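This report concerns only the one structure given below.
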Amino acid sequence: MRPANKSTEEEERDGVMSRGPAPTQARIRRSVSADGRVSLCAAIKARVFGIMSVSPDKRRKMESALEQIKKYTVVVADTGDFNAIEEYKPQDATTNPSLILAAAKMSTYQPLVEQAIKYGIANGGSEKEQVTNAMDKLFVNFGLEILKKVPGRVSTEVDARLSFDKEAMVSRARRLISLYEEAGVSKERILIKLSSTWEGIQAGRELEEKDGIHCNMTLLFSFAQAVACAEARVTLISPFVGRILDWYKENTDRKNYEPHEDPGVQSVTKIYNYYKKFSYTTVVMGASFRNTGEVKALAGCDLLTISPGLLGELSQDHSAVTCSLTPQGAKECDLEKVHLDEKSFRWLHNEDRMAVEKLSDGIRKFAADAIKLEAMIKERMFNVKNGQ
């Protein structure tokens, strides 16, 4: 999935080396003046050859942690802020109701909100239908703008309040894709985000198999969820690293973890190894990070979606990053293949208290932000209708 283009470091090094032919010995001799001082020509030559002689370890130290991670992993921006996307140049971007709510309050993005409201009104129907249409259009508007700034894909989320209604999720996903296609964007550039409930996973299966719509299964906390998603052959999963850590800090006596001991990092590592060992096509995108240590500990994961704040920290961090996850290493891990039907999925997931609590909590929080966003749109829609 990573492009085979040269890294920034390679381009800069190639640029230095291509500025002209190497000085001949005669030219070097001529560069020394009568009093033995070295001229500018020789100084430039010394600098060029100095660059050539920099060891790989030293060059790596000159690179930021973000640049190093990009060698092993596709970096995705977890934001609806276009400025952050432009600054850190990720391959893809993800959004959710909370991020859209925050962005929709910013003055910069008011034209997108106004356009969505006008769209909702123009399409008629009941007030509820108008608000729903405006919400869908707003999510797509943000997605369209993001796609102008990333070369890859954007993830757009289905309303979390539909998390236990398979048919409603499928219908809403198709609606979102149709809005993108009306705007001239292929479904190949869109990932539809669905909650990783049993119903959500089965909705993902149907969308992938029948419609060729690629799905990003979000709010994933348990191994059971990961196995069910792999068996449904969805495109991508987003296990939530930081929220897993939050739960362990809140519910156990331990408050500090080294990156390799972090329960969220360990969960994603296990899922990645399981997928690669048994050759599942579903890819893993670690999400919801609390610190850069978590991000660096998962270098090598298929994708990592990272907030602008942590992207900024990683761009200023020049410590060495090693590739922790590899398909070869996964093949050697001690994991057995599991098959889950609905009953066994529900039982295995239910056995994981953390996952049960974080899934339900995540759905509630995303639903709450969707309600706030709806209320904002409803108020603005009322003002437009009344000429305010």
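The values are calculated or read from the model by the stated rules, or taken from the named source; none is laboratory data. Being a predicted model, the structure only gives us computed values, none of them experimental. Cβ coordinates were reconstructed from backbone atoms using ideal geometry, including for glycine residues, and neighbour counts include every protein chain displayed. Just so you know, the surface numbers come from the protein's heavy atoms only, side chains and all, with ligands and any DNA or RNA stripped out. Shrake-Rupley method; radii C 1.70, N 1.55, O 1.52, S 1.80 Å.
Filter the range 329-370 for residues that are under 22 Å from residue 252 (Cα atoms) and among the hydroxyl-bearing types (Ser, Thr, Tyr) and give the result. Within the range 329-370, just 360 meets the criteria. Residue under question is residue 159, and the condition is that it be out of contact with any strand residue (DSSP E or B) (no Cβ under 6 Å at 6 or more places or on another chain) and within 14 Å of residue 366 (Cβ to Cβ); does it hold? Here the answer is yes, as residue 159 does meet what is asked. For the range 262-321, a residue qualifies if it is over 22 Å from residue 332 (Cβ atoms), buried (at least 18 other Cβ atoms within 10 Å of the Cβ) and small (Gly, Ala, Ser), and the qualifying residues are 264, 287, 288, 307. Is one or more of the residues making up the range 315-338 closer than 30 Å to residue 277 by Cβ and touching a strand residue (DSSP E or B) at 6+ places or on another chain (Cβ under 6 Å)? Within the range 315-338, none of the residues are closer than 30 Å to residue 277 by Cβ and touching a strand residue (DSSP E or B) at 6+ places or on another chain (Cβ under 6 Å).
Residue 184 meets all of the listed conditions (1) open to solvent by 30 Å² or more (accessible area, probe 1.4 Å); (2) part of a helix (DSSP H, G or I) but one, namely (2). Say we look at the range 52-109 and pick out the residues that are among the β-branched types (Val, Ile, Thr) and farther than 19 Å from residue 236 by Cα; which of these is modelled with the highest pLDDT? Only one residue tops the list, namely 69. When restricted to residues that are open to solvent by 70 Å² or more (accessible area, probe 1.4 Å) and touching a Ser or Thr at 6+ places or on another chain (Cβ under 9 Å), the range 356-380 contains 1.
Across the range 379-388, the qualifying residues are those that are more than 13 Å from residue 104 (Cβ to Cβ) and touching a residue at least 60 places away in the same chain (Cβ under 8 Å), and the one among them that is nearest to the chain's Cα centre (by Cα) is 381. Within the range 311-350, the set of residues being of a type in the set (Asp, Glu), out of contact with any Ser or Thr (no Cβ under 7 Å at 6 or more places or on another chain) and free of Cβ contacts under 8 Å to residues at least 40 places away in the same chain comprises 332, 334, 336, 341.
Could you please let me know if residue 189 is basic (Lys, Arg) and within 21 Å of residue 364 (Cβ to Cβ)? No: the conditions fail for residue 189.
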